[in-house]
Each structure stands twice: as C-alpha cells, then as structure tokens.
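Every number here is computed from the coordinates shown, using simple stated rules; none is lab data. In this text the structure is predicted, and so the values were computed from the model without any measurement. Glycine gets a Cβ as well: all are built from the backbone with ideal geometry, and neighbour counts include every protein chain shown.
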Amino acid sequence: MCGIVCYIGSRPCVDIILQGLTRLEYRGYDSAGIAVHDGEMLKVVRAQGKLVNLGTALEKTPLAGKLGMGHTRWATHGRPSENNAHPHMVNGVAVVHNGILENHLELRREIEQTGATFSSETDTEIFAHLISAALEKNPDLVAAVRQVLSRVTGSYAIAVIAKSDPGRVVVAKNSSPLVIGVGDGETFAASDIPAILKHTNRMVFMEDRELAVLTAEGFSIHEIDGPEITREPKTIEWSATQAEKGGYRHFMLKEIHEQPRVMEDTMRGRVSIEGSGVATELMGLDDLSARRVRRIVLLACGTSYHASLVGKYWLENLAKVPTEVELASEYRARNPLVDPNDLVIPVSQSGETIDTLEAVKVAKEGGASILAIANVLDSAIPRASDGSLYTHAGPEIGVASTKCFTAQLTALFMLAVHLGRRRGVLEKPRARELLEGLLKIPALMREILNDSEHIEELARELASYSNCLYLGRRLLFPIALEGALKLKEIAYIHAEGYAAGEMKHGPIALIDENMPVVVVMPTDSSFNRISGNVQEVLARGGRVIAVGTRGEKTLDALDVKRIEIPACLQELYPILAVIPLQLLAYYVADFKGTDVDQPRNLAKTVTVE
Ligand code: M6R
C-alpha cells in the first residue's frame, strides 16, 4: 500500500509532489523517491526511511522541472532500502508502482535471460525494463505501457515518465487506487484524494484496467486494451482531514471497510484453484520440510493471539499437526520445552512486539524452526525468523487491530491448506473446495459492510451498559474473545469472551437484565448446542444479540436481537463473523465519544516489557 503523486503543468513540481506525499505517508514510509523531467533530462532522487530523509537528499541534489512523480513506499517485495525505493529507472524510463505483481518471478527470469541486470529486489523494476525494451521497437510511450500491461498479472497503480517524452505522464490502474486531479493548466494524479486536494477538488476516479495520459492541458482515459472512455470530473467537498480518512470518521472505520480489499491482497498470487494448493512465498518453509514438522507452536499477543487460536483449529483439522498457542509473554517466561522438530510461528502485525520477539529468541535457542506471520516487511520478528509469510494489509493506523486480524486469519488458513496438501492429509477436491470458499469471502464481507445500519442501532443500546459477555464455540470462541477485546479497548466497557460451554461452570451467575450477551452463532455443527446456551441466558433474563447466518429459522423463535451474516463454508465463519463485532465496538465507542483511533493507555506497537 504505497502512495503515488504525479504533476504536470506550469509550476515547479518538486514541492507540490513532496507536499502530496506527506499527505500519503499513512500509506507507508519505508522509503520515498521522486523523478523529475527538466525538459531535457530525467533525474531521480531516493532515500530510505521517512519523507524527511527524501527532503534532506533533495537539499543535497536539488531537482527542477514541471513534470514529475513521487512515491512513498510500504515494502512488499524487497526490504526497505534506497535501492528498493521507487521510482525505478531503466534507460530513461522511470516508474512508480503501488500493488503486487503475481507473475514477477517469471518475468524477471525472462528479462535476466536477455542479459539485463536488476538494481533492486522489487517487482516494480520489471515495468521499467519491459517498457524501455518496448520503446526501443516503438517510440510511443503509451503503446509501450499498453504492451507491458498486457503481460503482467496482479494489482497495480503505476505512473510512467520517459526522457524521450517530456510532455506526458502515463498512469494505469488495476485493483490499486488512482485518482486524477484536474487543475487549470495543470493535471495531477495520486493514490488518494488528500495528496492533491489543496490544488484542485475536481477529481476523476480511474477504474480497473484503465490507462490515462496526463498532459498540462488535461487528460484522456482509455481501456488498457480498448477505446477511449469519456468521464467527467466530480467535485469533492471533503475537508483535508476528512479526505485523509477516505471520508470515514476514523481510521478504524476506514480500516474495517478496507478488509475485503486487504484479504484479496493477502491471497493475491498465492491461491491456485487449478493446483488446489497455496503457492506461498514461505521462505524457508520448504527447507524445513513440511512433512517433518511434529508440532506447531503459535506465539502472539492481543488480537494476533486470537487469530492464532483460530489458526490452531485450522492447522489441526486441515493439516493434522498438533498445535499449541501461547501468549508470547507467558511462553518466554516459563522455560518452555522446545523440540528441534517444532515449527514455531510468531504472529504479529507490527513484527516488533517485544514479548513475541523475545519468545522467538527462546524458541530459536531451543532449535525450533521459525516462520513469521507479519504485516510489516523486514521488521524485527521476520528478521529473527527463518522464513516469513507477509499479510500485505498495508499500514494499520487505528490502535485497535481490525484489517490485520482478518489478514492474519487469511494467512493462517492458507498455511493450513498448504501444509495439509504437502503432508498428504488433505485431499485435492477438499483443498479446492476450501480455497474456492476462501476466495468468495471478500464479496461476502462487502455484503456485511454495505448493510451495517442495524449494527449502529444496536450499538446505541449497548453503549448504556457497563459490562458485556461474548460467547462462541469451537473456532468461533476466539472470535468472541476478539469481539470482547475490541469493546474493552475502544469503548472502555468491561467485556469478557467465554466458550459458551463454560457458562454453566460459573459465569452464568452474572446473567440478569443488566448483562448483554453477544453470541456468535452462525449455522454450523455447533449451532444446536449454542442455541441451548442462548436459551439458558434468556431464561435468566439476559439480553442477547445473536450474530447468526442470514435466514436461519431457529433464531426466529428466540427472543434475541439479530445481526445477520451471509452463509459460507463453516470453517470460514471466523473471518466473516468478526466484522459485525468490530463494527459494534466501533459504533459503541463513537456514541460514547472515546478517542477511537488512539484509545487511552494503549500503544499501537508494544515495544516495552
Ligand atoms: O503488532 P502485534 O500484532 O504483535 O500486536 C499485538 C497486540 O499488541 C495487538 O494485537 C493489540 O492487542 C491491539 N491493540 C489489538 O487491537
């Protein structure tokens, strides 16, 4: 999830681009760079780290020109470094890119066979090589970009400028955002509105598989492999702050709504229906030989711990590997027994949580193999591990983790299917069914997100209580824990998640009309049992909010408030069922007026012991 800003017009472009990038830094800050055409030459300046470093680099090597583009990077392929920073330039062609190319290894091999050498580890550099090669045969930049786009698969928003073409910027998009800003004698493009809103509020939103040509006078949009399209600019009335949050009130709400797209990014290039398998970039796992693994130990904290609890269920059921889940802070403190045949999987959004990092060190000393599931590329935990499976969720700004939770679940599910196949315990047709089910989840998430007014109403009621119980069974018990954690951390309401079967062993004593109970009960093989638990709560005057499958008749007969989710494979309900719980906590917190994105006493990354 990188940020792109382009400018072509009559003003010096460097400051305009730098200011635009500042408004996009929330999209990533591993490195930044800028390319400017000064009428004769194309020059690039790049720096590792935050934008301030690019500013310093530009003081040493100033650039001047009225056509340029900049990039702030969230690393996916290739660690954060100056060499991996965009723009990538090959023979007078500069490219910036946001997205993930699926067939980059294949294309890289092909380019290397021609004798060309790469100066970065990125997938993006492929564009620069291929476009410059195409220009050698046909000097038209638009034709060259078109030709190359017909060869790549995956997600991209790209901007391309060439030394040989001082009057045009070519941009294109597929699955990654790109908006064109129409000024007076100047034209802009950016990954997101805030980057250019200061200069114009007339915006044209590009759709997937479209290419646009920007000149100082205006723009034209075309299908990548088809005719020109007519599209009028829209006038954006947002303030700059509203625009940064994509029009949402808080980053957390924006991130909740990003989940379908994030899940698609986590799966991108990894799920193969034809092969009924998962082509992962599980660096190191092949060497570990999946068949040899006798036990898996998942190490995590907070929300990542809840994802790991669901992961245990999948790893044991689909890959048939005995799996334990440990709170990292406890594991590191208790001299755990580590076996060299253990596969230890730290799960962490930030990749920097100190307890998880220290727990990894303990496991490593014991001789275990380590495979990190992390969101931030090249962070401390992946660096300390033998291999990494990245979630590609982009930066998460809200302290309460939402999109990274569903991305972790997606990664764990893919890993379970991968191991199941490699260990020969998961039949091909079943793997295929599971992966087809997984691919359908983003569309089902969108259905929930597009119909959330009812959840807002329920939240208004819940906001007046001081306690709340969350119940679930089997792989939905961790979702009850996660729902309770969300309510605690942003709405400051005491909430507990319980395995529904444990109610009668104690907590049922708490039930009365002042105790709302949220029950996660989609229609699955535990449904009858958990319906019995709901009856027990209702009989004692408890108030129930049931998260159930749309159209489930049994719920009609129960005196409960309902939140409906669409039907899916029962193994996949955790990924869907958590979304209404995130929304419920969000709306309760918003009604109470808490600081949703930065709740009191919490830090996004816990790097102190
Ligand atoms: O970055 P990590 O995934 O390692 O962070 C773990 C926890 O600190 C984190 O999940 C925390 O519980 C969040 N505030 C939950 O919303």
query = Using 0.36 nm per residue, how much length does the chain from LYS361 to GLU237 gain when fully extended, once their Cα-Cα distance is taken away?
reply = 39.5 nm
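Restricting to bridges with both residues inside the chain, how much of the DSSP beta-bridge set is antiparallel, in percent to the nearest 5?
Numbers: 64 of 102 bridges.
Approximately 65 percent, going by the DSSP bridge assignments.
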task = Just order 154-166, 260-272, 24-36 by mean Cβ neighbour count inside 10 Å, highest at the front, would you?
result = 24-36, 154-166, 260-272
request  = For the chain, state what percent of all Cα-Cα pairs lands in each successive 20 Å bin, counting from 0 Å until the bin that includes the largest distance.
outcome  = 20, 50, 27, 3, 0
remark   = For the chain, whose charge dipole is built from +1 on Lys and Arg Cβ atoms and -1 on Asp and Glu Cβ atoms, the candidate among THR356, VAL425, VAL544 with its Cα farthest towards the positive end is VAL425
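Starting from the Cα-Cα distance between ASN341 and LEU449, subtract it from 0.36 nm times their residue separation and give me the gain in nm to one decimal. Write down the numbers at each step before the final one.
Details: separation 108, 0.36 × 108 = 38.88 nm, distance 4.24 nm.
The span from ASN341 to LEU449 would gain 34.6 nm if fully extended.
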remark   = Nearest-0.05 FRET efficiency for ARG430 and ARG292 at R0 = 30 Å, using Cβ-Cβ distance, is 0.85
Straight-distance crosslink candidates among lysines, where the alpha carbon sits under 21 Å from LYS428 and sequence neighbours closer than 8 are dropped = LYS320, LYS440
request  = Sort the following peptides by mean Cβ neighbour count (other Cβ atoms within 10 Å, averaged over residues), highest first: 53-63, 341-351, 179-189, 212-222.
outcome  = 341-351, 179-189, 212-222, 53-63
task = Let me have the 222 nm mean residue ellipticity of the chain computed from DSSP H runs of 4+ only, each contributing -39500 (n - 2.57), with the sum over all residues rounded to the nearest 500.
result = -10500 deg cm²/dmol
remark   = Note on segment 251-447, DSSP bridge orientation, antiparallel percent to nearest 5 equals 10 percent
request  = Identify, among VAL204, LEU558, ALA509, the residue whose Cα sits farthest towards the positive end of the charge dipole of the chain, taking +1 on the Cβ of Lys and Arg and -1 on the Cβ of Asp and Glu, with the dipole about the Cα centre.
outcome  = ALA509
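Hey, can you rank 398-408, 316-326 by average C-beta count inside 10 Å, highest first? Mind showing how you got there, number by number?
Working: 398-408: 27.5, 316-326: 18.5.
Listed from highest to lowest mean packing, they are 398-408, 316-326.
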query = If you average 1/r over every pair of different alpha-carbon atoms in segment 3-243 and take one over that average, what Kirkwood value in Å do you get?
reply = 17.4 Å
request  = Decide, for segment 251-447, between rounded, prolate and oblate: order the square roots of the alpha carbon gyration tensor eigenvalues as a ≥ b ≥ c, take rounded if a/c falls under 1.5, and otherwise choose prolate if a/b is larger than b/c, else oblate.
outcome  = oblate
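Once the piece of chain linking THR117 and SER272 is laid out straight, how much longer is it, given 0.36 nm per residue of separation minus the C-alpha distance between them? Please list the in-between numbers first.
On the way: separation 155, 0.36 × 155 = 55.80 nm, distance 3.00 nm.
Gain in length upon complete extension: 52.8 nm.
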request  = Of the options THR72, VAL399, LEU141, report the single residue whose Cα projects farthest towards the positive end of the charge dipole of the chain (beta-carbon charges: Lys, Arg +1; Asp, Glu -1).
outcome  = VAL399
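Determine, from the Cβ-Cβ distance of LYS553 and SER525 and an R0 of 22 Å, the FRET efficiency 1/(1 + (r/R0)^6), rounded to the nearest 0.05. Kindly include the intermediate steps, with their values, before the conclusion.
Numbers: r = 17 Å, r/R0 = 0.78.
So the FRET efficiency works out to roughly 0.80.
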query = So what are segment 453-592's ellipsoid semi-axes, whole angstrom, largest first, if each one is the square root of 5 times an eigenvalue of the alpha-carbon gyration tensor?
reply = 20, 18, 14
remark   = Note on the chain: helices (DSSP H) long enough, at least 20 Å by alpha carbon along their axis, and hydrophobic enough, mean Kyte-Doolittle at least 0.0, are 403-422, 428-449, 477-491, 573-592
Rounded to the nearest 20 debye, dipole of segment 31-171 from Cβ charges on Lys, Arg, Asp, Glu = 280 debye
